[in-house]
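*Asks:* Provided herewith is a single structure, encoded as structure tokens, for subsequent inquiry.
The values are calculated or read from the model by the stated rules, or taken from the named source; none is laboratory data. This one's a predicted model, so the numbers in the text were calculated from it and none came from an experiment. All Cβ positions, glycine included, derive from the backbone under ideal geometry; neighbour counts span all protein chains shown.
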């Protein structure tokens, strides 16, 4: 094989993707940090780099304004702020990275919850001059609520506090105090002192902080392994689509297409179909035109069963003896994302995976201050960015697990029946 | 080796999941097919999503009339081999009907005119979901695009009022008259697409590989010498080994000098490249916000 051919194979086999959420307040230097990651991994292309150099010069900066690498929309360039979730891509020899850059102001809760829901690692930024502030509490609260397994606390702008170890330690111990209050204790937290502007401990090890012997941000990300980022649960297989080709060659083919969540499924497994509770066995597992013995977690496969049973979109296959809750009501932590209020009695569509049911707000237990202040408030409605415990009644049962046991089968979105917009996210208790 | 599906990469699983959501949530989806590598990749992913059934929606090509002939030959062969339905709507017809006006001069292109033809076709066929091959890594405004992106009656994108997308739940609920643009390979990079084409041994049009072509140079870009491309008299025609990184219509796609004649060397070249893909798209050079403006007006 030619050397190019060999190289090609390693690229193809790589294709391991790590999604990262970022959280920081305005001016904590989030865009600069991302720009620095891109710059030092040589991911900024010549034309983008030239554009950054040109604009930085026009603005009269004596350094490169990396935030320009990420702030995409016209309004953002005009106001110098980030207003929506942007996705940034870069890769190293080891893996590909997707960063969800979420803004730190007005709709921050909504955007952070959204970004965190699709990410496996979160980076929380702290300005070393300001230390742990109320915003930090919120950022941590949300990443903990979303049960992100791996969180990096990047203490930024170390250059502006003379790379002081005392300052770093003080901020670290303030943050550790917060950690005692978190609900999801198993979450792994790593502290790294950085200067995004000067490039200390982002990709390259800092020469200015000899007292820090830990890893750089990129080193940390490179070492996060796939097995470490997903919580293993029980296999759930929501039916997305029924494939019936009705061709001569595949006359009797009746395949259930979907993605496997939580655990793996094997040929021969005894399964139960929900909601009918009919039992059968897995006959074949297909990915495209090939048969496999095992459907691994998060793979999009097509399953056929030994018996002819009726299944349609929204139904679920689970292993016998491993049933989820089958209920017409539940209580969930809701992150509200709409300007119209959520009030008791309101009706919404609950989209739970690929299943949709009509739901009515039965009761708002209390609003949670997402800052570990421990202050819960009695409210009669929820506004944009509110987080609260809400009880729902459904028009038919859904098949769910608690969010803490199953990230996929324990979450849902709320859809407004009038506007069709996605107005909230929920995590079942 | 264990006979399981864990080797299948996350991006492919995600794209297949998205295709199945489209088929389940919409009544009249269509796959927008340009003959470029991204839309060819989409076709392969759709095949995988629905096998052994056929792809349950047609392909549609918005034809500027200024195509590379290699792309059209390729398109017709692919459609025939897979037994798919192909709809073609021509920008020339929109011009003839007086709905759009041909641009003139040095930088004239039919690229922007496609929007009208596309919106008319969506209305004609009552398509409620249009699947496209756009990727977030291509361009800054696209980095904010959702996987299911709702367009209003006028095909417009309201970037400040987008639906949040949580976990992998896709909300495709729309009102009559609205449609959704769907981007199954949103999270792929250019290198991911090329690696996939190599791994899957997917056939692509020959213009993606290095070949001798008559070209001329302008503004540091390599333009095809063709009847469709405006050329000044003092712009000298040269013959060089080039290939294309993206394939739009001839008037808006610039070539790169290359010796890469097979897929392995193309992948290698992309890896080593320091010019981003859209650096060779003349339509984006018009202004910093070129793409964002076109998207608001209903472009792909």
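*Asks:* Of the conditions (1) at the interface with another protein chain (Cβ under 8 Å from one of its Cβ atoms); (2) closer than 21 Å to residue A:111 by Cβ; (3) buried (at least 20 other Cβ atoms within 10 Å of the Cβ), residue B:157 fails just one. Which one is it?
*Replies:* For residue B:157, the failing item is (1).
*Asks:* Also, I was wondering about something else. Among the residues of the stretch A:299-310, how many are outside any strand (DSSP E or B) and buried (at least 20 other Cβ atoms within 10 Å of the Cβ)?
*Replies:* Result for the stretch A:299-310: 1.
*Asks:* Right, here's the next one. If you check every pair at least six apart or on different chains, which have Cβ atoms under 7 Å apart with a residue in the stretch A:31-54 that is more than 17 Å from residue A:154 (Cα to Cα) and facing chain B (nearest Cβ under 10 Å) first and a residue that is modelled with pLDDT of 85 or more and part of a helix (DSSP H, G or I) second?
*Replies:* A:44/A:38
*Asks:* Then there is this: Only one of B:288, B:269 is within 14 Å of chain A (Cβ to nearest Cβ), under 30 Å from residue B:116 (Cα atoms) and either assigned to a loop (DSSP other than H, G, I, E, B) or at pLDDT 80 or above (or both); which?
*Replies:* Unique residue meeting the criteria: B:288.
*Asks:* Another question, then. Got a sec? Which of A:380, A:322 is more than 30 Å from residue A:255 (Cα to Cα) and modelled with pLDDT under 95? It would help to see each step written out before you state the result.
*Replies:* Values: A:322 fails: more than 30 Å from residue A:255 (Cα to Cα).
Matching residue, one of A:380, A:322: A:380.
*Asks:* Could you tell me which residue of the stretch A:236-253 is farthest from the other protein chains (Cβ to nearest Cβ), considering only residues that are assigned to a loop (DSSP other than H, G, I, E, B) and under 21 Å from residue B:25 (Cβ atoms)?
*Replies:* Residue satisfying both the conditions and the ranking: A:239.
*Asks:* Another one. Where in the stretch A:5-97 are there helices (runs of 4 or more DSSP H), lying wholly inside it, with at least 3 residues that are modelled with pLDDT of 75 or more?
*Replies:* Output list reads A:30-40, A:46-58.
*Asks:* Sticking with this structure for a sec: Being away from chain B (no Cβ under 14 Å) and farther than 20 Å from residue A:238 by Cβ is the filter here, so list the residues in the stretch A:392-429 that pass it.
*Replies:* Within the stretch A:392-429, A:393, A:429 qualify.
*Asks:* Next up: Looking at residue A:224, is it touching a strand residue (DSSP E or B) at 6+ places or on another chain (Cβ under 6 Å), modelled with pLDDT under 95 and more than 11 Å from chain B (Cβ to nearest Cβ)?
*Replies:* Here the answer is yes, as residue A:224 does meet what is asked.
*Asks:* Ok, one more. Which of the numbered conditions does residue A:334 fail, given that it passes all the others? Conditions: (1) in contact (Cβ under 8 Å) with a residue 40 or more places away in the chain; (2) within 30 Å of residue A:241 (Cβ to Cβ); (3) surrounded by fewer than 20 Cβ atoms within 10 Å (Cβ to Cβ).
*Replies:* Every condition holds for residue A:334 apart from (3).
*Asks:* Could you figure out which of (1) within 24 Å of the chain's Cα centre (by Cα); (2) surrounded by fewer than 20 Cβ atoms within 10 Å (Cβ to Cβ) isn't true of residue A:366?
*Replies:* Among (1) within 24 Å of the chain's Cα centre (by Cα); (2) surrounded by fewer than 20 Cβ atoms within 10 Å (Cβ to Cβ), the lone unmet condition for residue A:366 is (1).
*Asks:* Consider residue A:212 carefully, then state whether it is part of a loop (DSSP other than H, G, I, E, B) and over 24 Å from the mean Cα position of the chain (by Cα).
*Replies:* Taking the combined requirement at face value, the residue satisfies it.
*Asks:* Of the residues in the stretch A:285-313, how many are more than 7 Å from chain B (Cβ to nearest Cβ) and over 18 Å from residue A:272 (Cβ atoms)?
*Replies:* Final tally of qualifying residues: 5.
*Asks:* Considering only residues that are touching a residue at least 24 places away in the same chain (Cβ under 8 Å), surrounded by fewer than 21 Cβ atoms within 10 Å (Cβ to Cβ) and more than 22 Å from the chain's Cα centre (by Cα), which ones fall in the stretch A:375-410?
*Replies:* The answer is A:380, A:381, A:383, A:391, A:393, A:394, A:395, A:396, A:397.
*Asks:* With (1) in contact (Cβ under 8 Å) with a residue 12 or more places away in the chain; (2) touching a helix residue (DSSP H, G or I) at 6+ places or on another chain (Cβ under 9 Å) as the list, and residue B:163 as the residue in question, which single condition is left unmet?
*Replies:* (2)
*Asks:* In the stretch B:172-192, what count of residues is obtained for those that are within 11 Å of chain A (Cβ to nearest Cβ), buried (at least 24 other Cβ atoms within 10 Å of the Cβ) and not in a loop (DSSP other than H, G, I, E, B)?
*Replies:* 2
*Asks:* Output the number of the condition that residue B:133 fails; it satisfies all remaining conditions of (1) free of Cβ contacts under 8 Å to residues at least 60 places away in the same chain; (2) in a loop (DSSP other than H, G, I, E, B).
*Replies:* With respect to (1) free of Cβ contacts under 8 Å to residues at least 60 places away in the same chain; (2) in a loop (DSSP other than H, G, I, E, B), residue B:133 is out only on (1).
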